[in-house]
Structure formats: C-alpha cells, structure tokens
C-alpha cells in the first residue's frame, strides 16, 4: 500500500509540473501527430487482438490490452528526456509537445476504459459513472479556476500559507481514496488533481518541494513490488494467449514508430536519424505503463502470460531506447559551426550581432557598462539579452521572446526588471544599440543548448557569458562561486557556433574617470589589450579596436614579445617572426594597430613568466578593463612558460587566470575572448 501511495505522489507531482496552458500554443502538426500516434496503433492493435483471440474473449478485455499498449505517458517522456539531457533541445521540445498532446488522448482513453470497466461489471450501477464524471467536472470547473485565482493573489504579494498546501494535499488524498473505493486505476485521479494546480512558482514549486521527496523514496519500491507479483517459472504459457499478446505488442509498437517517423520526416523535413530518435522517444515505456499493466493484472483483465509480455516490453524499451537515441541524435549538430562566425570575419560596415547571457542581477550592470563602452563607433550593435532561469517544479522548458510592440506579461518578475534596464540603456544610446530580450527557463545541465541555438538563429558573431565567481564591492572578497555556472561556461566554450567571451566583473565600485575637472559628464574608459599572438588574441584585439572607435575609450595595446624575437622595426616594423602563418597574421594585426593614431601601442620584452606577471600587475593597476585572448591553454611560450601548471581557471587561459590570482589585488575587470572553435568551422 505504501508503494502504491508513493507512485500516486509521483503522478500528482508530475501533474503539478505539467503546464496545461502550453496546449493552446501548439500547432496543428503537433496535434495531428499526437492524435495519430495514439489512435492508429490502438485501432491496429485492437484489430490484431480480435483476429488472433477466441471469439469468446470479451471486447472489453481486448480493448483494455490495446489501450494499455497504445497510450503515451507525458511523465515518462519527461523523465527520459531529462535523463538524456535533451529537455530543451530541438528533439526534446518536439517530443514534449507531442507527448503532451498524446497524454490528453491517453487520459481520455483511460477515462473511457474506466467507464467500460464499470459497465462490464455484473453489479452495474450508474453511481460509479456519475462519480467519475462528477470528479472531472469538479476539477475542471471549480478546483482549477479557484487555484488560478489563488496564484494571482500570491503573485500580487499575498503570503503563501500552509493551509493552502494542506488543503490541496487533502484533495489529493481524497482522490486516492475514491480511486481505491471505486476500484479504479491509481493513475487517473492523482494526475488530474495535479494538472489542476498551476505549474511553477509560487504554488506549484512549493508543492513539489515539499512532497517530491516522498515519490522519490517510494517509487523504486513500487517498481519492485510490481515485478514481485509475477513468477516467471510458474507461469504457464499457452499459444492462445501468448501469440495474440506478442503480435499486438509488435503491431502497436511498429505502427507508433512508423507514424512518428513518417510524420516527423514529412512535416519538418529533418534528417532521418532525428526522425528515428523522435519515434523511439514516443515509443518509450516506463513506470506509468507499468502501473497500468499491474492494475489490469490485479483486476484479472489480462492474464499472467500477457502481463509477462507487458513487463518484458517495459524493461526492454527502458534499456534500449536511451541507448539508440544517444546514437541517433546529437543536439550539437543543430548549432555546429558550419559557417565562420567571428569578430575578425564579420563585416566591419554591418551590424554586429552579440548574445549576452544574464544569470544574476550583477550581470546586468557589468554587461551594460561593457556595451556602453563599445557602441560609440559608426557601426551599430544588435544585442540579444538571454536571461536564463533555472527550471523549477516544471516539466516543460520555457522560451519567451519579449517583443517591444507587445505588453510585457511575464510571471517572472526578475525578467521584467532585466528587460526594463536594457530598454532604458537602448534609449540612452540613441540608435547605436538595439536590444532584444529573451527569457529561457531550462535545466542548468542543458542551458548551453539555448545559448547556442539563439546564436545560430541571430547569426551572432560573439557570445558574452559571465564568470562564475562574484566579488563584494567593498573589499573585493569573493561573494559567491557558482559551480553550475562554471560547468555551463565550459560547455559553451566547447560547442559555441561563434566566438565566446567571458566577462569577469570586479569594478562595480570603481567610478569612471573624467577627462577634465570642468566637464565631469565627459567620462573615459581606460582599456588595455595584452597581445601575445594567435587566433584568440587577434579576436580580442578586433573587439578592442571596435571599443577604441568610441572617443570616450582610451585603448592601450601592450605587445609582450620574447627577448629573442629578433627583428626590431620601431615604427616601421614589429618584433614578430614572420616565418609561419600565425606570425604573419599577428604581424598584419600589429601593423594595423600602429596605423591608428588613437591607439597607444607599445612593445614590452618579457623574458619569462615572472616578468609577464610583473607587467600584467602594472597594467591592471592603470586600467579599468583588460582584454586578453584565451589561447585555449596552448603550448608554453617564453612569456608564459610554467603558468599552465598553476592554472586554476582553464576557461580563462593562462593570462586570465594570472590576473585573478591571489597575488593580484587589482579591481580591474577582465574580458577573455575565444575565437570560434568548432571543428567544422574554417579558421
């Protein structure tokens, strides 16, 4: 009994996490696939059972078996996609949408099956059907509107009292009692009650936080007890039961797979491997189907032999489908760098597309300060602000594009604050920056997929991500360290379809310097670029030059060279070895810098890493922002020899890590740039 209650807690929490309102935004294609993936296998499976079983077998028994094979459970699909970390991928979003539609039709079939079960009983009474119908009317017509009204009040500032939680739990336990009293499945009533609760904060998240532990604790016990009901050795297998069961399972599974595969290929014209992965996801089986099979077996609706095939199907599909989906579908292929998307290859006369990620309130100020120092040139900047929030107490990731012509109606208040700040910044730039705000609510393990997908859609040349460590303004000590954000940054660096920059903000308390005492409104930004050479350094230099086009920015380019570099050309040449391809490009970049009179350029000889560290500390004391290339932990050069072994933050490169070391007490901000690194991209 305890195990069954644990499963019912799981169904209730799954219903709470589901957002029924998402059904309104789904298109006809998704509804068509969801309908066909349930009813076509049902008709074919029911027909095969009627053809292969004895005529004495009741229609209800065959219909119940075909229904149990044909349904698609939304909680099972969510669990599978979460385990595969595909929840907010292209496959995950389509799978969730289709599963949500299929779940609606599956619930209808379960309701219809419950009615047929009541009508097939010898002691048939209309009271049972009236109770089932009355329960649905109560939930849809009274409970759900009341809970939505409560959530509106909670979002307007009314405190969430424990009595609301206890009242909802009383309704849940009451539905469990009614299910057992009237001999109905344990799936139906708790899930319907959960669907009536608005998902997400504040009510849904509170319920999930309090009671999800119960389902997590007792759900494995429920699965174990379901398996213990069957004795494989003592079960007698007969052709009259085994063959129809095996044939119907094969027919239903194959038809469901073909419906999803063909529909996916026809409607979206995507690769066949993606269509096969989608079809496999829709064919998956899990704990919900296991509970339904167990209920049918306990009610003697299906025989033990059929129950064996049902359990075997659940175990087989649970083990094989995740493996084949991983083999068939790679989410990074949709945003792989097939085209060059970098600052050095972007058109200098066109609008620069930038994706800026926001994870905490402090990120807003740092990004606005950086963009403000980069928008003074002749070429405009288009910024897509991607505000990421953790998916809490919800099954479906949310992606909201906040268009300016629409009234901002968002239940995430912090998103509204972010949007307002960036809209105000856009108005102050007088057309040099255009801002488009996007809110993405997804699991932390798959947030990089949202970032890369937006970068592909916007044809972005640069993604700006915040560093995972934040400092106090007063004394510069570490305020927080977000390890999940660090993992996210590393995933973005590995798979981004364009260049990536990590912004380390440490100067919120540093006021900008005025040009003269008479004009305090004329402020300058002291920016330095430390150049060693290579793709990443040239990419960072390109951004630095763009910043220097703003008259408020004073850019200093410091070229660290080895003592044996050989050639000294003063103003006519540079200290670069031009014997290889990379050095040639470095030479051209330095020559371009020297030709720009508004950039202060100097060469500094660094014999070893100790000399480099001393030079870096001096530069940081004199500037508010330092730009460096990540260099991706390349082989040591004399200027940085030995620093790689002491590097604590490889995502920043050796120079970036050196600037954050304990020996460096500066409050200068840091901007670490990595050029597009996709294997298929051209360098």
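Points worth noting:
- Filtered by the rule that a residue be in a loop (DSSP other than H, G, I, E, B) and touching a strand residue (DSSP E or B) at 6+ places or on another chain (Cβ under 6 Å), segment 391-403 gives 391, 397.
- Check on residue 588, part of a helix (DSSP H, G or I), without any contact (Cβ under 8 Å) to a residue 24 or more places away in the chain and not assigned by TED's automatic domain parsing to the domain that holds residue 503: yes
- Among residues of segment 39-59 that are in the same structural domain as residue 239 (by TED's automatic domain parsing) and loosely packed, with under 12 Cβ neighbours inside 10 Å, none has a Cβ under 6 angstrom from a residue that is at pLDDT 90 or above and assigned to a helix (DSSP H, G or I) at a sequence gap of 6+ or on a separate chain.
- Residue 602 in contact with a strand residue (DSSP E or B) (Cβ under 9 Å, 6 or more places away or on another chain), closer than 28 Å to residue 549 by Cβ and at pLDDT below 90: no
- A residue that is assigned to a strand (DSSP E or B) and over 17 Å from residue 374 (Cα atoms) can be found somewhere in segment 442-458.
- Residue satisfying condition, being over 33 Å from the mean Cα position of the chain (by Cα), assigned to a helix (DSSP H, G or I) and not assigned by TED's automatic domain parsing to the domain that holds residue 441, within set 179, 149, 205: 179
- Of the residues making up segment 362-390, those that are in contact with a strand residue (DSSP E or B) (Cβ under 6 Å, 6 or more places away or on another chain), at pLDDT 85 or above and not in a helix (DSSP H, G or I) are 373, 381, 382, 383, 384, 385, 386, 387, 388, 389.
- Residue ID - surrounded by the fewest Cβ atoms within 10 Å (Cβ to Cβ), chosen from residues in segment 11-34 that are under 19 Å from residue 208 (Cα atoms) and more than 23 Å from the chain's Cα centre (by Cα): 11
- Here 616, 672, 654 are screened, and the one residue that is within 29 Å of residue 366 (Cβ to Cβ) and at pLDDT 90 or above is 672.
- Residue 110 being in a helix (DSSP H, G or I) and at pLDDT 90 or above: no
- In segment 315-340, the residue that is nearest to residue 461 (Cα to Cα) out of those that are assigned to a helix (DSSP H, G or I), at pLDDT 90 or above and touching a helix residue (DSSP H, G or I) at 6+ places or on another chain (Cβ under 8 Å) is 328.
- Yes/no for residue 595 being surrounded by fewer than 17 Cβ atoms within 10 Å (Cβ to Cβ), at pLDDT 85 or above and over 26 Å from residue 368 (Cα atoms): yes
- When residues of segment 424-441 are limited to those that are outside any helix (DSSP H, G or I) and surrounded by fewer than 22 Cβ atoms within 10 Å (Cβ to Cβ), the one farthest from the chain's Cα centre (by Cα): 430
- Consider segment 544-563 and keep the residues that are outside any strand (DSSP E or B) and touching a strand residue (DSSP E or B) at 6+ places or on another chain (Cβ under 6 Å). The one that is modelled with the highest pLDDT is 544.
- Flag for residue 190 being surrounded by 15 or more Cβ atoms within 10 Å (Cβ to Cβ), outside any helix (DSSP H, G or I) and in the same structural domain as residue 151 (by TED's automatic domain parsing): no
- Residue identified as within 24 Å of residue 393 (Cβ to Cβ) and in contact with a helix residue (DSSP H, G or I) (Cβ under 7 Å, 6 or more places away or on another chain) among 10, 35: 10
- Residue within segment 564-580 that is modelled with pLDDT under 90, out of contact with any helix residue (DSSP H, G or I) (no Cβ under 6 Å at 6 or more places or on another chain) and outside any loop (DSSP other than H, G, I, E, B) present: no
- Among the criteria (1) at pLDDT 85 or above; (2) surrounded by fewer than 18 Cβ atoms within 10 Å (Cβ to Cβ); (3) assigned to a helix (DSSP H, G or I), the one residue 85 does not fulfil is (3).
- Any pair with Cβ under 8 angstrom, 6 or more apart, that starts in segment 155-166 at a residue that is surrounded by 14 or more Cβ atoms within 10 Å (Cβ to Cβ) and ends at one that is part of a helix (DSSP H, G or I): 160/154; 160/203; 160/206; 164/150; 164/203; 165/206; 165/207; 165/210
The values are calculated or read from the model by the stated rules, or taken from the named source; none is laboratory data. This structure is a prediction, so every number in the text was calculated from the model and none was measured. All Cβ positions, even for glycine, are placed from backbone atoms using ideal geometry, and neighbour counts span all protein chains on display.
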